[in-house]
1. In angstroms, what radius of gyration and Dmax does the range 167-219 have, counting Cα atoms only?
2. Express in nm, to one decimal, how much length is gained between Arg146 and Ser400 on full extension, taking 0.36 nm for each residue of separation and deducting their alpha carbon distance.
3. Test of understanding: given the chain, find the longest segment containing no GluC sites (Glu not before Pro) that are in a DSSP loop and have at most 15 other Cβ atoms within 10 Å.
4. Could you report the range 199-320's accessible area per residue, 1.4 Å probe, as an integer in Å²?
5. As a test question: what accessible area, to the nearest 10 Å², does Thr369 have when a 1.4 Å probe is rolled over all protein chains in place?
6. With a 1.4 Å probe and every protein chain left in place, tell me how much accessible area Arg161 has, in Å² to the nearest 10.
7. Could you estimate the translational diffusion coefficient of the chain from the Stokes-Einstein equation, with Rh from the Kirkwood formula over C-alpha pairs, at 20 °C and 1.002 mPa s, in whole µm²/s?
8. Within the chain, what whole-number % of the accessible surface is contributed by carbon and sulfur, with the 1.4 Å probe and all protein chains included in the calculation?
Amino acid sequence: MSVQEAMPTYYAKLFPTQHMVKWLAYGNDSKHAQADSHFFNRREFCFTLQGDIFVRYQAFKDGAALQEAILRRCPDKIDIGPVYSANPMDRHKFGAAFHPVERELVFDIDLTDYDDVRTCGSGGHICGKCWPLMSVAVKIIDKGLREEFGFKHILWVYSGRRGIHCWVCDPSARQLSDEQRSAVASWFAVYKGHEEGKARVALLGGTMHPAVERAADILRSAWVQTLLPAQRLLEDGPQCEALLRYLPEEGLVEAVRKKWTEASRSRNAGNMDVNIVRWRALEDVVIERTREERSKKGAVNFKVLGPLERCVDEIIMAHAYPRLDMEVSKKMNHLLKAPFCVHPKTGKVCVPLDPKAVDDFDPVNGVPTVTSLLGELAAAKEAADGGKPNPEAWRDTAMSDAVSVFEACLLDGLAASNKEELTSRTRVAVAVGQMNVDF
């Protein structure tokens, strides 16, 4: 069965429409006096139909209407846009007055942007060797969003093929202007592209900002434990030569090569990964050269000392710091693929990730596919007694685990936040005399 053939059953019996609505309504689907009953139907959905036909500005009254449209049109992909000032389907009535009013702050990270530093594959390839690049990206961005900006309600989602998406759902994040979104994204944009064959990384002056230092701490550990040996960056070849270009002095490169030759003759060298052996040797040479420069009499030459002090961290940051698709984060009206969509080429479901367990996530064999889910669904139906339709049959499949992560990592905490926000609206209404309520 092809992915397209499986999609009608997937949408009918497995896609968690009501969970999605509960998320995107932000409590406005309740009977609370301050709930905005028109909130959800001002949200844009975009359906990509067979033949790459884009149907934008779709809007729905409630979960039932959304589910009916999904079943009827069976989209290859569902994208989520912003909440507008009016129903997107009525946008032509309002002209310039029609505009986005809120939207989650989103981030998109794709492994294709690491093709210059990963040796295990390129393009749409993903495996256990390059997943650590995504793993450290989740750790760094998640930690920064929580500790630097105070956000709490953050959803991470595997894209179904070679990347990850992040949705920041706090009220303060959803109401950010385009300028503010750009500023937040720029905060994380240490990676600045390539120049003269090297990745450019910012915020690596004499003293790193504390947030960048914390990111560097995460990367230093991951670099030695997983990234460097997995990508074999210091084995003889073009990747090794490219890495050596980050050393600020030609004499330093020569000293490192000499150290590598000496290390290869060591009795213990054969028992260790050559990448680790060479990295430790490179660090030793840089430390010794830095110590030598510091010990010189007279005024310190910071033009020489500065590059020496930061070149090791620069190598690590240039190869492994998160590489964001900045354009996705900057604009409120940018579309992003919905969680629980099925990737049309891989058949994999875009499942939520637990950032605390991201190292254990297996994008190759640990992600349910639409065909595997339908197989589990059929097996559950066969094992059931009576043969009666069971609307909760999805709970007997791997979709249950994915929905549980969605609930634990987002919905459960968001419910309390939504309640607080509605209570706050009530207080404001009482204060301005619109309601008469005793607390």
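The values are calculated or read from the model by the stated rules, or taken from the named source; none is laboratory data. Keep in mind that what you see is a predicted model, and the values were worked out from it rather than measured. Please note: Cβ atoms are built from the backbone with ideal geometry, for glycine as well, and neighbour counts cover all protein chains shown. Surface areas here come from the heavy atoms of the whole protein model, side chains and all, with no ligands, DNA or RNA. Shrake-Rupley method; radii C 1.70, N 1.55, O 1.52, S 1.80 Å.
1. 14.1, 42
2. On the way: separation 254, 0.36 × 254 = 91.44 nm, distance 2.73 nm.
Additional length available on full extension: 88.7 nm.
3. Details: sites that count: Glu148, Glu196, Glu235, Glu249, Glu392.
Between exposed loop sites, the widest span is 1-147.
4. Numbers: 6620 Å² over 122 residues.
Accessible area per residue, the range 199-320: 54 Å².
5. 30
6. Rounded to the nearest 10, the figure is 60 Å².
7. Details: Rh = 24.6 Å.
The diffusion coefficient I find is 87 µm²/s.
8. 49
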